[in-house]
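The structure appears below as structure tokens.
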Amino acid sequence: MPCRVHNARHGYMTVHYALAISTVVAYGLSLALYLIFLNTGKVLTGRLGTLLLAVGLVAHYFALLERSRGTHTVPYHDLYGAMSLFGWLLALTYLGLEVYHRQRSVGALVVPFILVFFVASQLAPADKLSPTDAHGPTFAFHVTLNILAYAAFALSFVLSLIFLIEERVLRSHKLGDVVWRLPPLELLERMSRSSVLIGLVSIAIGTALGFLWLYRLSDKYSFYDWKYAITLLVLILYAVYFRLARTTAWRGRRASKLCVFNFVIVFLSFTVVNFYLSHNHRFF
């Protein structure tokens, strides 16, 4: 019996490392190709970067499944699993926006974040945590949709930063070849709004599902939690951004600055609030 357990463990670790290495290689090659595309503008190189990003997504997905199988729980049960899921959803959101807007010039600036989150999630073993009282498909959708919202807001944050930097460079008239290959400012705004829309829909549905579970477990958990207040604040702030970003007075730099500010609140929600102020949440 111990021999069987050892063999099963060895088999799990072999598959896990193979998937992790495959994911890192695919994301790394995708990043290299995106960088070459940004510097040369060669269409084939950009397409190959997109293809390898998709390959990395598939390998990353199976790495998440294998992690769940090895720990006998959901990917977001511990910090490192949540980080890996965040990176995967960030990659998925970006790839969707790239295909929808037919613009891959920002891939070189987004893929590094995806790669960092995945690598960081592999640096330590899964934490030994007790299972949560909430479980099942409804709770899984609640957590996944909330992490998807954070990933979409993170992407809008990156796009807004690119907008602000590109706009400043254009105003300084210190232009290089790379600047001309970045998306037009108007397209960056549209991509940011699209990402925010994904986040708004996800966090609205995810929060509703969370309150449904809270109602079911009201005998164990209180409705008074900092996480609920900050999540509603995030929802309001991004709804305000989405409304103002399309007006003449706010379009452009002001809307991008507002988007950056909003993500600071998201970051606080995902870190300080989760770790120190919330009794009902761990890493989501």
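As a rough guide to protection, the peptides 271-277, 58-64, 181-187 ranked by mean Cβ packing within 10 Å, highest first, stand as 58-64, 181-187, 271-277.
Working out 0.36 nm times the residue gap between SER68 and VAL25, then minus their Cα-Cα distance, what length gain in nm do you get to one decimal?
Numbers: separation 43, 0.36 × 43 = 15.48 nm, distance 2.16 nm.
Value of the extension gain: 13.3 nm.
Here TYR61 and LEU170 are evaluated by their C-beta separation; at R0 = 35 Å the FRET efficiency comes out at 0.35.
Taking packing as the residue-averaged number of other Cβ atoms within 10 angstrom, the listed peptides 27-37, 200-210, 84-94 run from highest to lowest as 84-94, 27-37, 200-210.
On a full-extension model of 0.36 nm per residue, what is the gain between PHE141 and TYR276, subtracting their alpha-carbon distance, rounded to one decimal in nm? Don't jump to the answer; show the numbers that get you there.
Working: separation 135, 0.36 × 135 = 48.60 nm, distance 2.42 nm.
Gain on stretching PHE141 to TYR276: 46.2 nm.
All other residues whose Cβ lies under 15 angstrom from that of LEU95 are scored, Lys and Arg at +1 and Asp and Glu at -1, for a net of +2.
Coordinate-derived values only; no laboratory data. Just so we're clear, the structure is a prediction, and the values are computed from it rather than from any experiment. With ideal geometry, Cβ positions are generated from the backbone for all residues, glycine too; neighbour counts draw on all protein chains shown.
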